[in-house]
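**Student:** Let me begin by handing over the structure; questions about it come next.
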Amino acid sequence: QVQLVESGGGLVQAGGSLRLSCAASGSTFSPRTMGWYRQAPGKQRELVADISSGGSTKYSDSVKGRFAISRDNAKNTVYLQMNSLKPEDTAVYYCYADHPYYNSWGQGTQVTVSS
């Protein structure tokens, strides 16, 4: 079972920045894809961004140009740099990692953007 440990959430004013980190451990097989979803109160969980082991990235339209995902394969760690944050970015952010042998989720970290 792969464990994902997230860090970096918090409270920030609109226009500010936060950086989320997520480290995977517990498997000899490095994740194929790592990324972030988010879920706001009363809404469905949605993809924010993900990145393959080769570095290919995907972003939701709502965060393109403001968020940047990156990955350190040696550390099995994924990062999400969030800039120009908006109140509508407020949500619980969940890290995930997948591989043909597993699919794991983090416990979630709260991001709150005040106006």
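The values are calculated or read from the model by the stated rules, or taken from the named source; none is laboratory data. What you see is a predicted model, and the numbers here were worked out from it, not measured in a lab. Here Cβ is always computed from backbone atoms with ideal geometry, including for glycine, and neighbour counts include all displayed protein chains. Keep in mind that these areas ignore ligands, DNA and RNA; they rest on the heavy atoms of the full protein, side chains included. Shrake-Rupley method; radii C 1.70, N 1.55, O 1.52, S 1.80 Å.
**Student:** Go over the candidates THR90, THR33, THR77, THR28 one by one and state the one that is over 18 Å from ASN103 (Cα atoms) and of a type in the set (Ser, Thr, Tyr). Full working, then the answer.
**Tutor:** Working: THR33 fails: over 18 Å from ASN103 (Cα atoms); THR77 fails: over 18 Å from ASN103 (Cα atoms); THR28 fails: over 18 Å from ASN103 (Cα atoms).
Residue meeting the stated conditions: THR90.
**Student:** Could you give every pair whose Cβ atoms fall below 9 Å, whose first residue belongs to region 52-63 and is touching a residue at least 12 places away in the same chain (Cβ under 8 Å) and within 15 Å of ASP98 (Cα to Cα), and whose second residue is open to solvent by less than 70 Å² (accessible area, probe 1.4 Å) and assigned to a loop (DSSP other than H, G, I, E, B), counting only separations of at least 6 or pairs across chains?
**Tutor:** SER53/SER30; SER53/PRO31
**Student:** Can I ask one more? Name every residue in region 70-91 that is closer than 18 Å to VAL2 by Cβ and surrounded by 17 or more Cβ atoms within 10 Å (Cβ to Cβ), in order of residue number.
**Tutor:** Scanning region 70-91 gives ARG71, ASN76, THR77, VAL78, TYR79.
**Student:** Here's a follow-up. Which is in contact with a strand residue (DSSP E or B) (Cβ under 7 Å, 6 or more places away or on another chain), modelled with pLDDT of 95 or more, open to solvent by 80 Å² or more (accessible area, probe 1.4 Å) and within 20 Å of GLN81 (Cα to Cα), of LEU4, LEU11? So that I can check it myself, show each step before the final result.
**Tutor:** Details: LEU4 fails: open to solvent by 80 Å² or more (accessible area, probe 1.4 Å).
Only one candidate passes the filter, namely LEU11.
**Student:** Can you tell which of ARG45, ARG32 is in contact with a strand residue (DSSP E or B) (Cβ under 6 Å, 6 or more places away or on another chain), farther than 17 Å from ARG19 by Cα, surrounded by fewer than 18 Cβ atoms within 10 Å (Cβ to Cβ) and touching a residue at least 60 places away in the same chain (Cβ under 8 Å)?
**Tutor:** Working: ARG45 fails: touching a residue at least 60 places away in the same chain (Cβ under 8 Å).
Of ARG45, ARG32, the one residue that is in contact with a strand residue (DSSP E or B) (Cβ under 6 Å, 6 or more places away or on another chain), farther than 17 Å from ARG19 by Cα, surrounded by fewer than 18 Cβ atoms within 10 Å (Cβ to Cβ) and touching a residue at least 60 places away in the same chain (Cβ under 8 Å) is ARG32.
**Student:** Then there's this: Please return the ranges of strands (runs of 3 or more DSSP E) entirely within the chain where 2 or more residues are over 11 Å from the mean Cα position of the chain (by Cα) and of a type in the set (S, T, N, Q).
**Tutor:** Result: 33-39, 102-105, 109-114.
**Student:** A further question follows. How about region 93-109: which of its residues are closer than 18 Å to GLN3 by Cβ, in contact (Cβ under 8 Å) with a residue 12 or more places away in the chain and not aromatic (Phe, Trp, Tyr)?
**Tutor:** Going through region 93-109, the residues closer than 18 Å to GLN3 by Cβ turn out to be 93-99, 101-109.
Cutting the leftovers down to in contact (Cβ under 8 Å) with a residue 12 or more places away in the chain gives us 93-99, 101-102, 104-109.
Listed by number, the residues that qualify are CYS95, ALA97, ASP98, HIS99, SER104, GLY106, GLN107, GLY108, THR109.
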